[in-house]
Amino acid sequence: MKAWSFGQKLFLFAVTILLVTGLLTVLNWLPSLLQKKTMKRFSSIDSAEKELRMKHLFLPTYIPEDLRLVWPPAEIYAQEVPFRAFIMHLKYKGSDEVGLVMEQTDANAPYRIEPHIKIKTKTAGSQISVKNRKAVLIPAICDDNVPCNEVSWNENGTIITLICKCSAQDIVKIASSTLPGQ
Amino acid sequence: MIIRFLSSYPGMYITQSVLHAHIALLIVELSFFAWGIRDHHAKFRYRLLTLTLPVFMFPLYQLITPQRSEWYFRLNTALFDSQRWLELDPLGILPLYHVFVIFLLIVTAVFIVQEILPIFRERSSGTDLGVCEGTLDTLEVMLDSICRTLRIKKPEICVIDEPLPVLVTQGFKHHRIIVSNHLIEALEEEQLRGALTHEAVHIMRDSSSKTQLIYLLRMLMFYNPVSLVEFRRVVHDDEFICDAITVSKTKNPAALIAAISCFYHQLGEGPKGLSQMKQRIEGHSHNLLLDERIQKLQEIGHDGPEHFGWIPFMLTASVILIMGYLVV
């Protein structure tokens with residue numbers, strides 16, 4: 001058999017690596033066929049609502065303009081299995097940085113889905129009222145040493161959590177706008 | 001509880017090291033095919049990648065990207081997410097993480113029975129190779145000339161009174177070759193020279209230290225089926241390498257083949273107990289290795305190992321590391 005040149009061998013090696021990549025991609029995709037409704041990225045809130053038949057999603061109707069956060073959310077994730085969860089990431093205008101994370105998860109979830117905005121240090125939280133709901137406001141320092149705030153409350157069995165690289169006033173306003181009524 | 005453990009750092013280390021070892025094994029085997037690697041010297045080095053890299057890959061990746069284990073990375077960046085499979089419950093009876101843990105426990109049990117228990121059994125029974133009965137002048141002269149050819153310090157040689165063919169090298173810094181008088185009587189001069197050269201090549205390559213180090217890695221990955229298989233293959237590769245070097249020095253493959261043939265286990269019909277069955281399997285596997293060694297000796301030339309290509313090796317190692325990063 002004729003000996004192959006280095007270039008030919010390199011090409012063959014690249015092809016085999018592409019095959020391995022393809023195999024891993026297929027293997028990663030297969031579970032979604034066998035078990036639907038696990039964590040998935042959606043292109044829009046509507047498509048998540050439709051596909052997972054999600055009801056009672058709490059969406060903000062007000063986002064302070066000076067925060068330069070872009071609506072609709074840049075990233076939307078949702079799952080029904082192993083527990084109900086809906087996550088939105090809002091990014092800053094002209095940037096890839098996430099400025100607001102909003103999570104809605106089942107209050108009975110066995111574990112918490114780690115938010116994409118990392119909280120480095122938390123201070124003691126204070127109890128506040130968000131449209132007559134008892135909520136906890138925690139001032140914190142997030143990744144990149146940026147001051148941020150977290151607000152969370154239980155809305156009829158759904159834990160709603162907002163983490164925003166914004167002031168406490170702004171996050172409370174955003175949180176309030178997710179709830180109906182005055 | 002199990003899924004919580006598998007989501008913790010130790011659990012992720014175990015899961016990912018098993019996955020990384022499989023990926024490394026697949027890439028290394030494909031590399032043999034793509035780069036046309038047939039030489040055992042090269043195969044030995046490539047197989048070391050399968051054994052060594054998975055030990056360090058997970059901590060290294062976590063150091064580089066601490067967020068790598070989080071759902072966001074798994075969903076958006078990873079090429080393969082193990083949790084997707086582990087959380088599956090296709091029949092609604094048993095989630096796959098149970099199956100995975102049972103599989104790892106079986107591999108661990110095999111490791112204990114196959115590797116750990118024999119060590120304790122040997123220690124408690126005090127099995128030794130026998131008392132050194134001294135040496136023979138002819139052996140000393142032969143070994144002296146072999147060591148001069150290989151440019152190594154001449155090891156001590158010791159003849160034992162043993163009715164079986166025995167030829168082993170002991171020690172790490174100060175080596176000692178032990179040979180049974182049965183083997184000395186059974187082999188002709190050139191055959192004995194071939195066998196002794198093979199042992200001297202082991203000393204030259206520092207095989208015992210290498211094997212101990214590789215065994216340590218194998219012990220760290222006691223739950224990993226790939227380590228179980230690859231450790232044996234690496235040890236076998238070392239034998240093939242030493243055979244090839246021996247023949248390149250003695251230029252007499254026929255003598256080495258004849259010497260190797262002396263070490264075949266006789267697999268007669270004996271009592272059919274479980275331990276006898278184990279012995280027969282081990283004997284059969286030992287004979288298969290000897291068959292393969294003889295076959296390789298019949299195929300190889302007298303030129304020793306081929307030139308080792310570092311570029312293909314580095315490319316293969318890089319691909320394993322990159323792929324491993326994307327497999328969580």
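Annotation: of all residues in segment B:18-33 being buried (at least 23 other Cβ atoms within 10 Å of the Cβ) and touching a Pro at 6+ places or on another chain (Cβ under 8 Å), the one that is nearest to the other protein chains (Cβ to nearest Cβ) is B:SER31.
Among the residues of segment A:69-99, which ones are over 22 Å from A:CYS148 (Cβ atoms) and either within 14 Å of another protein chain (Cβ to nearest Cβ) or among the aromatic types (Phe, Trp, Tyr) (or both)?
Taking segment A:69-99 first, the residues over 22 Å from A:CYS148 (Cβ atoms) are A:78-84.
Residues satisfying the conditions are A:ALA78, A:GLN79, A:GLU80, A:VAL81, A:PRO82, A:PHE83.
Which residues, taken from segment A:26-45, are exposed (fewer than 12 other Cβ atoms within 10 Å of the Cβ) and either touching a Phe, Trp or Tyr at 6+ places or on another chain (Cβ under 6 Å) or modelled with pLDDT of 90 or more (or both)? Give the derivation first.
Quick first cut of segment A:26-45, residues exposed (fewer than 12 other Cβ atoms within 10 Å of the Cβ) only: A:26, A:29, A:33, A:43-44.
A:VAL26, A:TRP29, A:SER43, A:SER44, listed by residue number.
For segment A:100-124, a residue qualifies if it is part of a strand (DSSP E or B), closer than 23 Å to A:HIS56 by Cα and within 14 Å of chain B (Cβ to nearest Cβ), and the qualifying residues are A:VAL101, A:GLU103, A:THR105. The set of residues in segment B:167-179 that are under 16 Å from B:LEU136 (Cα atoms) and in contact (Cβ under 8 Å) with a residue 24 or more places away in the chain comprises B:LEU167, B:ILE177, B:ILE178, B:VAL179. Residues in segment B:61-84 that are within 8 Å of another protein chain (Cβ to nearest Cβ) and not in a helix (DSSP H, G or I): B:GLU70, B:ALA78, B:LEU79, B:PHE80, B:ASP81. The number of residues in segment B:264-283 being out of contact with any helix residue (DSSP H, G or I) (no Cβ under 6 Å at 6 or more places or on another chain) and modelled with pLDDT of 85 or more comes to 0. Are there any pairs with C-beta distances below 7 angstrom linking a residue in segment A:5-34 that is more than 7 Å from chain B (Cβ to nearest Cβ) to a residue that is surrounded by 12 or more Cβ atoms within 10 Å (Cβ to Cβ) and outside any helix (DSSP H, G or I), with the two at least 6 apart or on different chains, and if so which? Once the first residue is more than 7 Å from chain B (Cβ to nearest Cβ) and sits in segment A:5-34, its partners that are surrounded by 12 or more Cβ atoms within 10 Å (Cβ to Cβ) and outside any helix (DSSP H, G or I) give A:SER32/A:THR38.
Here B:LEU88 meets the list (1) of a type in the set (A, V, I, L, M, F, W, C); (2) within 14 Å of chain A (Cβ to nearest Cβ); (3) in a helix (DSSP H, G or I) almost entirely, failing just condition (3).
Selection of segment B:34-60 for residues being buried (at least 20 other Cβ atoms within 10 Å of the Cβ), part of a helix (DSSP H, G or I) and aromatic (Phe, Trp, Tyr) yields B:PHE44, B:TYR46, B:PHE58.
Scan segment B:166-193 residue by residue and report those that are of a type in the set (A, V, I, L, M), part of a helix (DSSP H, G or I) and farther than 25 Å from B:ASP206 by Cβ.
In the first step, residues of segment B:166-193 are kept if they are of a type in the set (A, V, I, L, M); the result is B:166-168, B:177-179, B:183-184, B:186-187, B:192.
Those still in the list that are part of a helix (DSSP H, G or I) too: B:183-184, B:186, B:192.
Residues satisfying the conditions are B:ILE184, B:ALA186.
Of all residues in segment A:35-51, exactly one satisfies the criterion of being among the hydrophobic types (A, V, I, L, M, F, W, C) and either within 11 Å of another protein chain (Cβ to nearest Cβ) or in contact with a Ser or Thr (Cβ under 9 Å, 6 or more places away or on another chain) (or both), namely A:MET39.
The values are calculated or read from the model by the stated rules, or taken from the named source; none is laboratory data. Values in this document were obtained by computation on a predicted structure and should not be read as measured data. FYI the Cβ positions are ideal-geometry reconstructions off the backbone, even for glycines, and counts take in every protein chain you see.
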